Amino acid sequence: MSRTSLDNLPAADRSDVASALRDALLQAEFTADGLLELLGAPAYAALARSETVPALRATRGEGPLEALVRLFLLQQPVPRERLADVLPLPACVESGWLRESGPEGEAGPEGAAGSELAATVDVRPYGGPDGEDWFIVSDLGCAVGGAGGIGSGDEGVVLGVGGASTTLAGITVRTPVASALDLGTGSGIQALHATRHATRVTATDLNARALHITALTLALSGVPAAELAEGSLYAPVGEATYDLIVSNPPFVISPGARLTYRDGGMGGDDLCRTLVQQAGDRLNEGGYAQFLANWQHVDGEEWQERLRSWVPRGCDAWVVQREVQDITQYAELWLRDAGDHRTDPAAYAARYDAWLDEFEERGVRAVGFGWITLRRSEAAAEAPSVVVEEWPHPVEQPLGETVRAHFARVDWLREHDDAALLEASFTLAGEVVQEQVGLPGAEDPEHVVLRQGRGMRRATKVDTVGAGFAGVCDGTLSAGRILDAIAQLMGEEPVVLRDRTPAQIRTLVEQGFLEPVPGGPAA
Ligand SMILES: C[S@@+](CC[C@H](N)C(=O)[O-])C[C@H]1O[C@@H](n2cnc3c(N)ncnc32)[C@H](O)[C@@H]1O
């Protein structure tokens, strides 16, 4: 059966049933915390990797929570009598959340004692950032494939929450806004997060099935409904503009569109490029557009230049490349994702070959994966700040506030020339430490490194002046006065340090080691 249609989905217009089902799930503690307690951390984590065996073992008991985990997460038929006091059964069956299923998988006599019920969709508890009890609805089969891949070859299958989904949710700027657009909404997870801080949320998808599932996710999570619009890229929203645009798009660079949730079908990285290039006109002043993306590393081209060329006019940009894979690793990753490694070896080899052919034709050596944030501003039209960097090291999510602060510092730096910078004062960001790197026993370190304990957890090399400067930044003295004092200590000409150091201070501000004090020095 192809799941491009709305077949076998619960009714999206029965908010009464979604609400009753939500109450019943919460009553049975079918929540992220409840699951963790029942399953234990290893089985809970295994389930997030789509591995079901540990959870099956942990749900051999007869309680209501065990029954719900088996029904909605492990996709096992459950005897009707075990659910009778747990769920509003007639309404769930009538509106399509559950279906009759005989002991051998055949339909049993409706309502008969001894019959079994099965879920029509995967329902996964998901803890919101403020402890909200949310639920993510997705297609059956896609979250129980384990090492076998997604377990569904249906073009229109709608996946649940993956690592990419939570990464985007974590980096999204969460300031209160009037309007947010989630483009390529899938299960609706980004739209769900947006309901917390956006008055109006619009969710779009090429796949009508995804829009239907998004409506279910929002209703079951007890949050306001979103405006839903079907179509490709920005087509369904016309000329509308937003304060926030987020998209975890089908970014996989693949030979042909096979799975809608991942294959953009536009050739190479064109879908991601188009998404980014066309975002500028859809953003309100001060608005953010945040994307996950893949990009090609092409022979004879700097990948940073490729990304710079995507940034639309009128926007500042911050691009972080988190990972690079060579073309063989990349092809294998996505062949496994689709479960192709479990199919006929000749078919697997042919698909692998096609992938490498595609890359060869385009001169692609490797593929980068990362985050792209745009921020629309009037100042960017004159002098855009486009930061394209590689940062493959661990970071501390959520990073939404770090992203917002990056652009605030961009504005500050743009407004302050070197003379103004020397008049300003700074504080050292929280949890920054100094590391000295050099040979054991050496009198002086070869390098001094400042390292952040929070956010991006950056590390940056500084010279003695930079380290000394950062160390005394407590907001009381202006940068110029601190440099004069350092010059005196080092026996240097103050004017030389005032001339030389602003570039280093700018880097420390840009990277978030130093924070400008609003209103200038206290002393
Ligand atoms: C990787 S999934 C992301 C789902 C969800 N937003 C998340 O963060 O988990 C990509 C989604 O984009 C949708 N999609 C595919 N091609 C599209 C297009 N051309 N325009 C809009 N959405 C598209 C897919 O149907 C799928 O739901």
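The values are calculated or read from the model by the stated rules, or taken from the named source; none is laboratory data. Since this is a predicted model, take the numbers as computed values, not measurements. For neighbour counting, all protein chains shown are included, and Cβ atoms are generated from backbone atoms with ideal geometry for every residue, glycine included. Each accessible area value is taken on the protein alone, full model and side chains, heavy atoms only, with ligands, DNA and RNA left out. Shrake-Rupley method; radii C 1.70, N 1.55, O 1.52, S 1.80 Å.
Observations on the structure shown:
- Qualifying residue in the range 345-359 (condition: of a type in the set (Lys, Arg), modelled with pLDDT under 95 and surrounded by 14 or more Cβ atoms within 10 Å (Cβ to Cβ)): yes
- Selection within the range 127-165 - in a helix (DSSP H, G or I), surrounded by fewer than 17 Cβ atoms within 10 Å (Cβ to Cβ) and at pLDDT 90 or above: Gly163, Ala164
- Exactly one residue out of Leu439, Leu477, Leu483 is at pLDDT 95 or above, open to solvent by 40 Å² or more (accessible area, probe 1.4 Å) and either more than 21 Å from His406 (Cα to Cα) or in a strand (DSSP E or B) (or both): that is Leu477.
- Residue match in the range 182-194 (condition: modelled with pLDDT of 95 or more, more than 12 Å from the ligand (Cβ to nearest atom) and hydrophobic (A, V, I, L, M, F, W, C)): no
Condition check ((1) over 30 Å from Asp337 (Cα atoms); (2) in contact with a Pro (Cβ under 8 Å, 6 or more places away or on another chain)) across all residues:
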| residue | (1), (2) |
| --- | --- |
| Leu21 | yes, yes |
| Thr52 | no, no |
| Phe72 | no, no |
| Ala91 | yes, no |
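- Sole exception among (1) small (Gly, Ala, Ser); (2) within 14 Å of the ligand (Cβ to nearest atom); (3) more than 18 Å from the chain's Cα centre (by Cα); (4) under 27 Å from His193 (Cβ atoms) for Gly267, by number: (4)
- Qualifying residue in the range 467-483 (condition: more than 28 Å from Glu302 (Cβ to Cβ) and in contact (Cβ under 8 Å) with a residue 60 or more places away in the chain): yes
- Filter result for Tyr261 (under 20 Å from the mean Cα position of the chain (by Cα), within 17 Å of Leu159 (Cβ to Cβ) and open to solvent by 20 Å² or more (accessible area, probe 1.4 Å)): yes
- From the list Asp326, Asp316, the lone residue that is touching a strand residue (DSSP E or B) at 6+ places or on another chain (Cβ under 7 Å), over 24 Å from Ala169 (Cα atoms) and among the acidic types (Asp, Glu) is Asp326.
- The lone exception for Leu421 - which of (1) buried (at least 16 other Cβ atoms within 10 Å of the Cβ); (2) over 30 Å from Gly400 (Cβ atoms); (3) touching a residue at least 12 places away in the same chain (Cβ under 8 Å); (4) not β-branched (Val, Ile, Thr) it fails: (2)
- Of the helices (runs of 4 or more DSSP H) lying entirely inside the range 305-415, those containing at least 2 residues that are touching a residue at least 12 places away in the same chain (Cβ under 8 Å) and closer than 16 Å to Leu292 by Cα are 400-415.
- Total residues in the range 203-218, condition assigned to a helix (DSSP H, G or I), within 11 Å of the ligand (Cβ to nearest atom) and of a type outside the set (D, E, K, R): 6
- Taking the range 5-47 as the range and being in contact with a strand residue (DSSP E or B) (Cβ under 7 Å, 6 or more places away or on another chain), outside any helix (DSSP H, G or I) and of a type in the set (A, V, I, L, M, F, W, C) as the test, only Phe30 passes.
- Residue match in the range 305-317 (condition: away from the ligand (no atom under 16 Å from the Cβ) and under 19 Å from Thr167 (Cα atoms)): yes
- Among the conditions (1) surrounded by 14 or more Cβ atoms within 10 Å (Cβ to Cβ); (2) at pLDDT below 95; (3) part of a strand (DSSP E or B), the only one that Pro445 does not satisfy is (3).
- Here Arg306 meets the list (1) over 29 Å from Val395 (Cβ atoms); (2) at pLDDT 95 or above almost entirely, failing just condition (1).
- Filtered residues of the range 486-521 (kept if outside any helix (DSSP H, G or I), open to solvent by 60 Å² or more (accessible area, probe 1.4 Å) and in contact with a strand residue (DSSP E or B) (Cβ under 9 Å, 6 or more places away or on another chain)): Glu515
- Annotation note: Cβ proximity below 7 Å between a residue of the range 251-267 that is modelled with pLDDT of 85 or more and a residue that is near the ligand (Cβ under 8 Å from one of its atoms) and of a type in the set (Lys, Arg) (sequence gap 6+ or interchain) occurs for Val252/Arg262.
- Single match in Ala191, Ala180 (criterion: outside any helix (DSSP H, G or I) and either of a type in the set (Asp, Glu) or surrounded by 20 or more Cβ atoms within 10 Å (Cβ to Cβ) (or both)): Ala180
- Residues (over 18 Å from Thr195 (Cβ atoms) and within 12 Å of the ligand (Cβ to nearest atom)) located in the range 219-253: Glu230, Gly231, Ser232, Leu233, Tyr234, Ala235, Pro236, Pro249, Pro250, Phe251, Val252
- Being of a type outside the set (Phe, Trp, Tyr), part of a helix (DSSP H, G or I), touching a helix residue (DSSP H, G or I) at 6+ places or on another chain (Cβ under 8 Å) and open to solvent by 20 Å² or more (accessible area, probe 1.4 Å) is a property that does not hold for Ser50.
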